[in-house]
Structures are given as C-alpha cells and as structure tokens.
1. Among the residues of the stretch A:87-121, which ones are of a type in the set (K, R) and either in contact with a His (Cβ under 8 Å, 6 or more places away or on another chain) or away from ligand 1 (no atom under 13 Å from the Cβ) (or both)?
2. Can you tell me which residue is farthest from ligand 2 (Cβ to nearest atom) among those in the stretch A:18-31 that are under 31 Å from the mean Cα position of the chain (by Cα) and of a type outside the set (A, V, I, L, M, F, W, C)?
3. Which one of A:H41, A:H13, A:H34, A:H45 is surrounded by fewer than 24 Cβ atoms within 10 Å (Cβ to Cβ), within 12 Å of another protein chain (Cβ to nearest Cβ) and within 13 Å of ligand 2 (Cβ to nearest atom)?
4. For the stretch A:362-414, how many residues are touching a Cys at 6+ places or on another chain (Cβ under 8 Å) and assigned to a loop (DSSP other than H, G, I, E, B)?
5. Could you list all residues from the stretch B:36-65 that are modelled with pLDDT of 95 or more, within 8 Å of chain A (Cβ to nearest Cβ) and assigned to a loop (DSSP other than H, G, I, E, B)?
6. Could you tell me whether A:G316 is open to solvent by 50 Å² or more (accessible area, probe 1.4 Å) and in the same structural domain as A:R468 (by TED's automatic domain parsing)?
7. Kindly indicate whether A:V239 is β-branched (V, I, T), assigned to a helix (DSSP H, G or I) and either outside the structural domain of A:R210 (by TED's automatic domain parsing) or more than 16 Å from ligand 2 (Cβ to nearest atom) (or both).
8. Considering the stretch A:300-331 alone, what residues qualify as being at pLDDT 95 or above, over 19 Å from A:S363 (Cα atoms) and among the aromatic types (F, W, Y)?
Amino acid sequence: MPDLTIPGYTVVHEKPRSFYPVCERKPEMQHQTHYCPGCGHGIAHKLIAVAIDELGIQDRTVLISPVGCSVFAYYYFDTGNIQVAHGRAPAVATAVKRSRPESIVIAYQGDGDLAAIGAAEILHAANRGEPITVIFINNGTYGMTGGQMAPTTLIGQTTTTTPFGRNVWNEGYPLHVSELLASLEAPVYVERVGLGSNKQIMNAARAVRRAIENQVKGLGFSLVEILSPCPTIWKMNPVEAQRRVLEETVKTFPLGQFRDRTKSAPARPAAAPVPLFAEIPAILGLANGASPAAKTMRSGETIDWRVRVAGFGGQGVLMLGEVLAEAGLDAGFEVSWLPSYGPEMRSGTSNCHVRLSSKPIDSPLVLHPNVLLAMNEPSLRKFLAPVEPGGWVFYNGTEIPQGCAGRLDVHFIARPFAEIAGNAGDARSANMTMLGALLEATGMLAEERVLAALRRRVSSGHWLEVDRRALDGGREAVTKGVRHES
Amino acid sequence: MTTPDRGLVLIDSEECKGCALCFEACPPKVLRFGELLNRYGYRSAAYAGAGCTGCGICFFACPEPGAITVLRREGRVCQNN
Ligand SMILES: Cc1ncc(C[n+]2csc(CCOP(=O)(O)OP(=O)(O)O)c2C)c(N)n1
Ligand code: SF4
C-alpha cells in the first residue's frame, strides 16, 4: 500500500486492512472493484471491512459471497471466503459455523439471492437461530442480470420483468424480510438501515458492527438489511440514487430495529467439539479405526469396477450395492454408491451405481458398466446395451431373454439365483447369491472383506447365516452350474 | 498567517470512479472533480486544497475500498505557520 504519512498529520480513515491491497481479478483493472460507480455494495463492503478491522477478527472471518453483483466479494476481502450457489449462503454459513465454531461467518446476500431463490434458506437459518451474521443488500432489483423484478421491488417500479410497473395483483407486494424474520422466535438482532445519507450510512456502520460483534460474543442469528442504491439499474446518477433511498425506498421499507435481544440473549451453549478425522472410523464402529489400505490391491495396478445393480424394489438391490461398496472401502478402494429409485417403498424398479476404483472417483454415475447385476428381466433389457465389451453380466434367470442374446462380447452368467437362494435357506437372499457369483467369477474382492461388511450391516444372526449360505450358493452356481456363456 | 486545516483528505485518483457521492457527503464541500481523467477514463474527485475538517464522512460515503484517506492534524498548536 502507498505510504500515506504526512508530517504533522495522523491517518484516521484509510483502506481497511481486511481488504486486499489490490484487486486481483483483472490484470488491467487492479485499482478498481467491478462495481458500478456509486453502487451501494461498495459502501456496504467498506462498513463490513471496517467492522472486521475494529473487532480484530480478520484471521477468523469467513465471508460467504453470493450470486449477484457481489459474486466477486472474495476478490476484495482478505479473509476466508466461500462463493456459494444462488441463495444458499445461509446453508453454507451454517455448515462453516458448525464445523468451525470459532470462525466468524458473514453471509453477504442481495435481495434476489436472499429473498427470492434463497427464501427458504434464510428463513430456516434464522428460525434455527444459527449464530451467523447476515448482511442483506436490498436494492430492489436483480442488478447483475440486468434489472429484473426482485421480491423487494417497490409497487409501481418498472423493471425488465415489470415493464408497466410492479402491479400487486400480478406480482404481489414488496417482501419485508426484516419484519418477517423478526416474527420468528430465535433471531437475536434484526435491523434495517439505509445508505441514503451521511446519517444513514453512519447508522448502518453501527448496525453492521453490532451484527458482527454479536457473533463474536457468541449470541445468535443477526441480520442487517441495508437499503442500497443501484444507480445503473435505477437509471439515475449516484447522487440521485442515494436520494431515492432517503426519500422513496424508506417509505416502503421503514428503517429500524425489529429485534434486539443483544443484551438479554443468553450466550449459546458451546457446540460439541468436532471429532478429529482420524477418530471418525472408531466413532462409526469400524475395525480398530485403522485403515485397511489396499491389501487386496497390488501396487501400481489400475482397477476400475463400474457396477450397475438393478431389479425390483424389495429385492435387495440397494443393499447388494452397499455391501459391495463397503467391502471395497475396507479393501482399500476408492468407492461410491449411488442409489436411484422411484418414490415407491416396495415394488417399482430400483437400481444403484457402484464404483470400486484404485484411483479417485470423478463421478459416482455408472453410465457404461463393466459389471451388470440384473435381478429381473426388465432390468436386463434396460441396462444391457451400455455394458462395456468384455464386461460381466449376471442375470437372475436361466434363459437369456429374447433380444438380449445378441451381446456376444460380454461374459453372460445366467442362473436361477432366486431359486438357488431358496435352496440355501431363503429366496429373499437372491441378492447375496448374485453377489457370491460376482465374487467367484471376477475375483473382485476377498471373501473376508464381504463377510465383514455383511456383519456390519446385518444385525440378526439368523439372517447373517442365511446370507452366508446364499453367497456360497452363488459361488457354486458359477463353478458348477450350467454356464450360459456365449 | 492562517490556521492550518484540522483535516486533510487524500484521493487515489486511480481508484476513484467519479461517482461524486463524496462531494455530497462532505459538510464543508471541499471535494470536487479534478482536472484529469484517470487511466480507466473516469474523471476522479480531488480535494479543493483547503477547508477539510477531518470529519471522515467522505471515507464512509465512498464505495471504493481505498480511494479516500482522511488525516487529522496532530496536537492543538499550529505546526506549519
Ligand atoms: C441457480 C441460479 N439461478 C439464476 C441465476 C442467475 N442470476 C445471477 S445473479 C441473479 C440475481 C441477483 O440479484 P440480487 O441478489 O438482487 O443481487 P444484485 O445483483 O442486485 O446485487 C440471478 C437471478 C444463477 N446465477 N443461478
Ligand atoms: S448493477 Fe447495481 S448493484 Fe450491480 S454493481 Fe451496478 S450499481 Fe451495483
């Protein structure tokens, strides 16, 4: 930063330390923010940065930037930053605050972001009393996208989506977010301020600082709504736009404190400490907490099993996938398991995508499986075509149905798996016979990994025994049974 | 001999976008447009050179992070008469 010392004078106000010295976003625009001249976002940013400086919390502040004109706030604030999906700042702020309770989390949101697409997030974060700070910029429009109506647009105001002015019969009334949130029990502090005059700006500075300080003190949810000029969309010069806030906007959105329990609110009970990463396996009851790391894999070998399991709901399709993924995890693979099913709890079709890979998994979707476990005919018909040449297809049935026999380029293992399960003890464990067949034919995983995964999932001793016999039955069906291989 | 001003305002013309909000905000009205355009093509604000009280309100009214720096004279006595 330039040296601004002048003999005989003391600097009383200068660029807050919580801002970066230069704007890094564009090499050719290092001196300037991307905001329009006279935009209220800039002033709101400054009030926040000054408060962070004054409270001495720069190193533990995490600013959540929204979608909207302020999407690039992270280029300006030299604090922790997360840029989130449209409207989701309160949800992400909740996560950050809960996982790092010592951090000071400030969600910054526009009125399209907070009051339209994100209306549910803010309502519930406030209702849960999340101990976060929300700075809510009400400029009555969607600035970034060119001036559409926001929930806060004034009655009669023209926007690109209300070209004849906002009509209450068509678009409803301006949404009073502060009043709405102040009707909830949990929030500690809700105030509406403006940027319409010197007095309003200094009052806004006080409110922003208070909302952040509340968090430092361990109090609950605090929100400041800032009536903010948007000269560009309002088609006014900055001075006119500021005056509009002072003279017009406040008529619809009266300034004031709608909730202030800053003095009476008890400090929230401290959150339970977050466990260390290394402790998680033990908390989940996984063996010794130690990672069994890649014992079944030879080093350097690239393995990429892409499995699709499909059948009727109730056949144990998802469970088969889970056992596979869990055993794979135990064996040191990277794994993913993605269920896909209709709204029915029983019947209907259901399928899941499972990946077991020696490399990090980019996507849990399995669009081109190298293993298909089809527990019924519709599933075979549906998922056979995308199976990769050289892949494995296990089908619960003795006859390969008409129209499916054409795949000569895959290993086809068709067995009456349900019947085999019935012989082993219970036809409902057909999923395990198919798993047994899969293990036998492909050698995908060691038996003990699968049994360990089963033991964790199946609490009844009886069913564990049934499943174990079914697994064996499936293995035998591959080694001894009639092979319908093409 | 005149009493030096209580305050002094420095403007980083490259950071200024010439929105003129500080002209409005300044109680003694000592801010105005400068003569030159900055490298971004904005005619930036400038201090008239005298009359700043060091109140600092222009700093808060300015939307740019560091376009304005406000200083106050140290001590009570004149230092540069
Ligand atoms: C999920 C999603 N929907 C829509 C958009 C398009 N979009 C970008 S900014 C914006 C509106 C932002 O308005 P506001 O929150 O009022 O902020 P402002 O730009 O006025 O500061 C919209 C709808 C998007 N980026 N993402
Ligand atoms: S469009 Fe409006 S809100 Fe967006 S930067 Fe410009 S003045 Fe600010």
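The values are calculated or read from the model by the stated rules, or taken from the named source; none is laboratory data. Since this is a predicted model, take the numbers as computed values, not measurements. We place every Cβ from the backbone using ideal geometry, glycine too, and count neighbours over all the protein chains shown. Areas reflect the complete protein model, heavy atoms only, side chains present, ligands, DNA and RNA absent. Shrake-Rupley method; radii C 1.70, N 1.55, O 1.52, S 1.80 Å.
1. A:K97, A:R98, A:R100
2. Only one residue tops the list, namely A:S18.
3. Criteria check complete, one pass: A:H34.
4. So the answer is 1.
5. Across the stretch B:36-65, the qualifying residues are B:G54, B:G56, B:C62, B:P63, B:E64, B:P65.
6. The answer is no for A:G316.
7. In short, no.
8. Within the stretch A:300-331, no residue meets the criteria.
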